[in-house]
Structure formats: C-alpha cells, structure tokens
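Peer 1: Structure in structure tokens, see below.
No value in this document is a laboratory result; all are computed from the given coordinates. Everything numeric here is computed off the predicted structure, so don't read it as measured data. Ideal geometry is used to build each Cβ from the backbone, glycine not excepted, and the neighbour counts take in all protein chains shown.
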Amino acid sequence: MHGNSPHAGPADVEPSVERRRAFRRELVDVAASTRALLSDEFVVGAELSGRTDGLQATVAVRPPAGSVVSAGFEPGEDDPVGESLALDLAAGAVLEAKRAASEGPWPAG
C-alpha cells in the first residue's frame, strides 16, 4: 500500500536536458584529460548512466597489462572532480601496468 502513497519517498525526477549535457561535458573533459596524460597503449573509456537516484559517470582506463582502473562520480559533488580525477586515474593505471609487469611476462595478445 505504501508503494502507491505519496509517503513512499521522493518521486523519480528525470534530470533536465541541460543538466545531462553539462554532466556529459564534464565526463568528456575528465576522459580527455586522462587520455592526454597517458601513452596510446592505455585505452580510456567513459560512460554516463541514469540510475533511479540520479546520474552516474564512470571513467575507466585499461592499461597495456593488468586490471582496468576506474572511478565514478555524480553531478553536483562538492569538490571539482575533473583534473584531480584524471591525474588519479592515470597514476593508478600506470601503477597497475607496472605491478602487472613485475609479476611476469605480459600475455600475448
């Protein structure tokens, strides 16, 4: 019964088109900044997804060896995420590649 009542919690509010565009630009900027810090051997990707509680952005880096390094952020976070997130992701991806290289030969691929 509570699921249909106005007391069931906040209604899902779709972000405005302008808000989605601004957040997408922020995501593209973070991905581009990350890409600029790394060599071409590192693959950088970004994804914007809608969840029931709002938008979520994820930027991921696949190093030439090792596991994918990723980070997510949401619109409206208090701290600006752009440049610091790009630096953190790039550093993490380089460390992951070094760790993987120290553990043995890279897989043929």
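Peer 1: Filter the range 37-57 down to residues that are touching a residue at least 12 places away in the same chain (Cβ under 8 Å) and not in a strand (DSSP E or B) and give me whichever is farthest from Ala91 (Cα to Cα).
Peer 2: Thr52
Peer 1: Please enumerate the residues belonging to the range 35-59 that are in contact with a strand residue (DSSP E or B) (Cβ under 6 Å, 6 or more places away or on another chain) and either under 18 Å from Glu74 (Cβ atoms) or surrounded by fewer than 16 Cβ atoms within 10 Å (Cβ to Cβ) (or both).
Peer 2: Val43, Gly45, Ala46, Glu47, Leu48, Ser49, Gln56, Ala57, Thr58, Val59
Peer 1: Still on this model: Can you name every residue in the range 13-68 that is touching a Pro at 6+ places or on another chain (Cβ under 9 Å), within 30 Å of Glu103 (Cβ to Cβ) and among the charged types (D, E, K, R)?
Peer 2: Glu41
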